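What follows is one structure encoded as structure tokens, with my remarks underneath.
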Amino acid sequence: PGALLFQTSSDGSQVPSERMRIDSSGRLLVGTSTNDQDAVLTVARTGDGGTTPSTISSATVATFRATGGLSHEAHVSILGGNTGASQLNFGDRDDEDVANIHYDHSSNFMRFNVSAAEAMRITGIGSVGIGDYNDIEATLHVAGNTVVDNEIILVENKGAAVGQSGRSAGIAITSVSN
């Protein structure tokens, strides 16, 4: 059994070059003629894209690589509209998006969903909300019980803010009754 090859030639050239192939096992190879072990899809940036990594999980479905040089970088982009969203889903055969990473372009926040519910949000200014993402009032806002196994280190404030005096750091503990 052979492979199905797709070839094109650059403008002005009569000599075609291989751009893509489907090998005899049904794997799709783009920009390379060598698959990455058991990956069903291998995409290499240029030429052969460098060497095939020495270890790839047998569960890997696709690889994207630019390993031709030691300092090459590989990027994968998920692009949405300016007021839309971009999302990477993690699912199973029963639920395609039971977990996901979602970026909202109109409000500029990233949320992390686990078990089909939002678990954490990072706002456009870098504030993080865990457990409660509607009212992020500080750089880190954690709702619910929080356990610290070792220590909390407070660093001296570099400038006074509302409710602070001088250059001090501290923890404010408040009691809320229901």
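The values are calculated or read from the model by the stated rules, or taken from the named source; none is laboratory data. Predicted model, so just to flag it, every value in this text is computed and none were measured. Here the Cβ positions follow ideal geometry from the backbone for every residue, glycine too, while neighbour counts run over all protein chains shown. SASA here: full protein model, heavy atoms, side chains in, ligands and nucleic acids out. Shrake-Rupley method; radii C 1.70, N 1.55, O 1.52, S 1.80 Å.
In the stretch 121-135, is there at least one residue being open to solvent by 90 Å² or more (accessible area, probe 1.4 Å) and either at pLDDT below 85 or not basic (Lys, Arg) (or both)? Yes, some residue in the stretch 121-135 is open to solvent by 90 Å² or more (accessible area, probe 1.4 Å) and either at pLDDT below 85 or not basic (Lys, Arg) (or both).
Looking at this structure, is ILE171 open to solvent by 100 Å² or more (accessible area, probe 1.4 Å) and modelled with pLDDT of 85 or more? It is false that ILE171 is open to solvent by 100 Å² or more (accessible area, probe 1.4 Å) and modelled with pLDDT of 85 or more.
The C-beta contact set for the stretch 97-122 (first residue in contact (Cβ under 8 Å) with a residue 12 or more places away in the chain, second residue loosely packed, with under 15 Cβ neighbours inside 10 Å and of a type in the set (Asp, Glu), distance under 8 angstrom, 6+ apart or interchain) comprises VAL98/ASP92; ASN113/ASP97; ALA116/ASP95; ALA116/ASP97. Summed over the stretch 1-19, the residues that are open to solvent by less than 60 Å² (accessible area, probe 1.4 Å) and either hydroxyl-bearing (Ser, Thr, Tyr) or in contact with a Phe, Trp or Tyr (Cβ under 7 Å, 6 or more places away or on another chain) (or both) give a count of 3.
Under 9 Å by Cβ, and 6 or more places apart or on different chains, what pairs join a residue from the stretch 62-79 that is of a type in the set (Phe, Trp, Tyr) with one that is open to solvent by less than 80 Å² (accessible area, probe 1.4 Å) and at pLDDT 75 or above? These pairs meet every condition: PHE64/LEU41; PHE64/THR42; PHE64/VAL43; PHE64/ALA44; PHE64/ALA74.
Conditions tested, residue by residue: (1) at pLDDT below 80; (2) among the hydrophobic types (A, V, I, L, M, F, W, C); (3) in contact with a Ser or Thr (Cβ under 7 Å, 6 or more places away or on another chain).
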{"position": "ILE22", "(1), (2), (3)": "no, yes, no"}
{"position": "GLY31", "(1), (2), (3)": "no, no, yes"}
{"position": "ASN35", "(1), (2), (3)": "yes, no, yes"}
{"position": "LEU41", "(1), (2), (3)": "no, yes, no"}
{"position": "ARG45", "(1), (2), (3)": "yes, no, no"}
{"position": "ASP48", "(1), (2), (3)": "yes, no, yes"}
{"position": "SER54", "(1), (2), (3)": "yes, no, no"}
{"position": "ALA59", "(1), (2), (3)": "yes, yes, no"}
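The set of residues from the stretch 61-97 being within 16 Å of MET110 (Cβ to Cβ), polar (S, T, N, Q) and either open to solvent by less than 50 Å² (accessible area, probe 1.4 Å) or touching a strand residue (DSSP E or B) at 6+ places or on another chain (Cβ under 6 Å) (or both) comprises SER86, GLN87, ASN89.
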